[in-house]
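Asker: Right, I'll just put the structure down here and ask away after.
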Amino acid sequence: MTTDLLTSAGAHTKKIDPELVRRCIEPGATTPEAMTISEAGRAIAREIVGDNGPEDRIRQRCVVATGDPAIKDLLVFGNDPVKAGVGAISAGATIYTDIRMVKAGIIKKGHKCQIECVLDMEGAQELAQKLGITRTSAGFLTAAQDIENSIIVIGNAPSAAITVSRMVEYGIRPVMIVAVPVGFVNAAESKEKISKIDIPSITCTGTRGGTPVAVACINEMIIMSGNV
């Protein structure tokens, strides 16, 4: 606990318990207890999934993130995506996400990648209104000139995955795509479209997926890049 943190907190709250501040600024698996819990969960996932290479490491993390052993059998790896993703992360490729929750969940340390949410792209809101399309689709269209050689991570929006698949068919080439949107409307179809294009990709079959899966995939690749 530092005086600066207490002073900063005190500037916003007249009375503050130092113990409360300490607890609030020390989340995550940084304490011995938290690390023990994390490793115990990973050990269970290794038993469920196996441990036969980088794809299994991603399956393990997704099992831990979802608490669902079945997710291991739903993940689809196309065109050696782990190698492509780890290489792009090591090179500092920009990561584009469909929603802010995915952006928030991505590890920020141990790499030089800029992380952008397409909802925040300048002009995306106006384009969505003009064309009558979703904001995530408009965001990826707005970012079209910058997506070349980037990593795309989609955890929520099937419309975004469909748009990205069409952008690739048009000739725009991201380095790799994680696309695991969740839901009953267009989710399965959108992931199938991504899995069939000639870009390295991680998808999953059916209606499952979501932010925890997307974040698990990209974070495990960040860890594999060797700097976390």
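Asker: Would you kindly state how much longer the chain becomes between Glu122 and Gln145 on full extension, computed as 0.36 nm times their sequence separation minus their alpha carbon distance, in nm to one decimal?
Answerer: 7.0 nm
Asker: Return the subset of Lys108/Lys130; Lys72/Lys103; Lys83/Lys112; Lys83/Lys103; Lys108/Lys193 for which the Cα-Cα distance in this structure is over 26 Å, preserving the input order.
Answerer: Lys108/Lys130; Lys108/Lys193
Asker: If you don't mind, there's one more thing I want to ask. Roughly what would the spin-label model give for Glu189 and Gln114, points 7 Å off Cα along C-beta, in nm?
Answerer: That separation, rounded to one decimal, is 3.5 nm.
Asker: At R0 = 25 Å, how high is the FRET efficiency between Ala40 and Arg100 if r is their beta carbon distance? Nearest 0.05 is fine. Show your work: numbers first, answer last.
Answerer: Working: r = 31 Å, r/R0 = 1.22.
Once rounded, the FRET efficiency stands at 0.25.
Asker: Quick check: pseudo-label points 7 Å beyond the Cα along Cα→Cβ at Thr207 and Ala70, how many nm apart are they?
Answerer: 1.1 nm
Asker: Report the calculated FRET efficiency for Asp56 and Gln129 (r = Cβ-Cβ distance, R0 = 41 Å), to the nearest 0.05.
Answerer: My answer for the efficiency is 0.40.
Rule-based calculations on the coordinates, nothing more; no lab input. The model shown is predicted, which means the values in this text are computed figures rather than measured ones. Glycine also receives a Cβ, built like all others from the backbone with ideal geometry; neighbour counts cover every protein chain displayed.
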